[in-house]
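Asker: Next up is a structure, given as structure tokens.
Only the coordinates and a few stated rules stand behind these numbers; no lab work does. Treat the numbers as computed from the prediction; the structure is a model and nothing was measured. Methodologically, a virtual Cβ is constructed for each residue, glycine included, from the backbone with ideal geometry; neighbour enumeration extends over all protein chains shown.
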Amino acid sequence: MNKKIIVAVDGTAGSGKTATFNAVAKKIGYEFIDTGLMYRAFTLLCIELKIDFTNKEQIIDALNIFDFSVKNSKPHLNGKEVEKRIQENDIVEFINYVTPIPEVRKFMIKAQRAMVTGGGYIEIGRDITTVVLPDADLKIYLDSSVEARAKRRFNQNERLGIKNNNFEEIKNSIINRDEQDFKNGLKKADDAWLIDNSNIPIQDVVNMVIDKIKELEGK
Ligand SMILES: Nc1ncnc2c1ncn2[C@@H]1O[C@H](COP(=O)(O)OP(=O)(O)OP(=O)(O)O)[C@@H](O)[C@H]1O
Ligand SMILES: Nc1ccn([C@H]2C[C@H](O)[C@@H](COP(=O)(O)O)O2)c(=O)n1
């Protein structure tokens, strides 16, 4: 019986981490953890508490009443399902006040590490291969050109019928998010496998990754 492994994934905003590795996890029966949802849910809590986002102490105090869980593959904040709510624009507007705070990152890193109790997990984010799971069996850094990511997000918004869908605004938002992520420590780990999917269909990336996981399971 092959032994399941731990897979850690980092990558740039909108590069395809969720769509790609959710599909991989479903195909091979692994647990999928998207750590971005935790930061989004915590930002929502701060919004609901009407916190002054320039006041770090208030944000840090909110950690004491932050309960995040995933039930039936849906993120829950203090017991309430928030899957759609945490994808709304106000979250992105305020999240950059939250993610740089060391005490917030320390809290999240501890929780994200504790979620992975052995093989059979795929965890994605921005500091998983470098901080949360530095000893993961397989580390992947997923990236795409800004153009490719903006086109995908634009097309996704069209499909979803999102109004005021503007390519240039999306492109600038991606550039800004990259800037903040790199400031927060996003980088390709020396021992991570770089996958640039700018011109690779998602199904091909899924298959490449599954082949690699199966190879490592057999070792
Ligand atoms: N290889 C690919 N080719 C074309 N489109 C892709 C590819 N991978 C992902 N996509 C599409 O790109 C869009 C963004 O993907 P996704 O939301 O998974 O990115 P992400 O890295 O999780 O984003 P974020 O960092 O914002 O959470 C989605 O519409 C997804 O279907
Ligand atoms: N481990 C992580 C995961 C996410 N973030 C930041 C990056 C974004 O600003 C925000 C939401 O992540 P997304 O849902 O877009 O993947 O949280 C981080 O700093 N560390």
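Asker: Ranked by Cβ crowding within 10 angstrom, fewest neighbours first, how are L44, L216 ordered?
Answerer: By the 10 Å Cβ count, ascending: L216, L44.
Asker: Less than 13 Å Cβ to Cβ from L138, Lys/Arg counted +1 and Asp/Glu -1: what total charge do the surrounding residues give?
Answerer: Taking every other residue near L138 into account, the sum is -2.
Asker: List the trypsin sites (Lys or Arg not before Pro) within segment 42-130 that fall in a DSSP loop (any state other than H, G, I, E or B) and whose Cβ has at most 16 other Cβ atoms within 10 Å. Provide the component values of the computation, followed by the final result.
Answerer: On the way: sites: K50, K56, K71, K80, K84, R85, R105, K106, K110, R113, R126; in loops: K50, K84, R126.
Here the sparse-neighbourhood loop sites are K50, K84.
Asker: Dipole magnitude of segment 1-158 about its Cα centre, charges +1 at Lys/Arg Cβ and -1 at Asp/Glu Cβ only, in debye to the nearest 20?
Answerer: My answer is approximately 520 debye.
Asker: Taking square-rooted eigenvalues a ≥ b ≥ c of the alpha carbon gyration tensor, is segment 1-153 rounded, prolate or oblate, where a/c under 1.5 means rounded and, failing that, a/b exceeding b/c means prolate?
Answerer: Because a/c hits 1.5 or more and a/b exceeds b/c, segment 1-153 counts as prolate.
Asker: Just the ratio, please: alpha-carbon radius of gyration of segment 86-219 over 2.2 N^0.38 Å, N its number of residues. Show your work: numbers first, answer last.
Answerer: Values: Rg = 16.7 Å, N = 134, 2.2 N^0.38 = 14.1 Å.
So the Cα radius of gyration is 1.18 times the expected 2.2 N^0.38 Å.
Asker: In nm, to one decimal, how far is the modelled label at A19 from the one at K56, with both set 7 Å along Cα→Cβ?
Answerer: Using points 7 Å along Cα→Cβ, the separation is 3.7 nm.
Asker: Could you work out the helix-only [θ] at 222 nm for the chain, with each DSSP H run of four or more residues adding -39,500 (n - 2.57) and the total divided by the number of residues, to the nearest 500 deg cm²/dmol?
Answerer: Values: 8 runs with 103 residues, N = 219.
Calculated from helices alone, the mean residue ellipticity at 222 nm is -15000 deg cm²/dmol.
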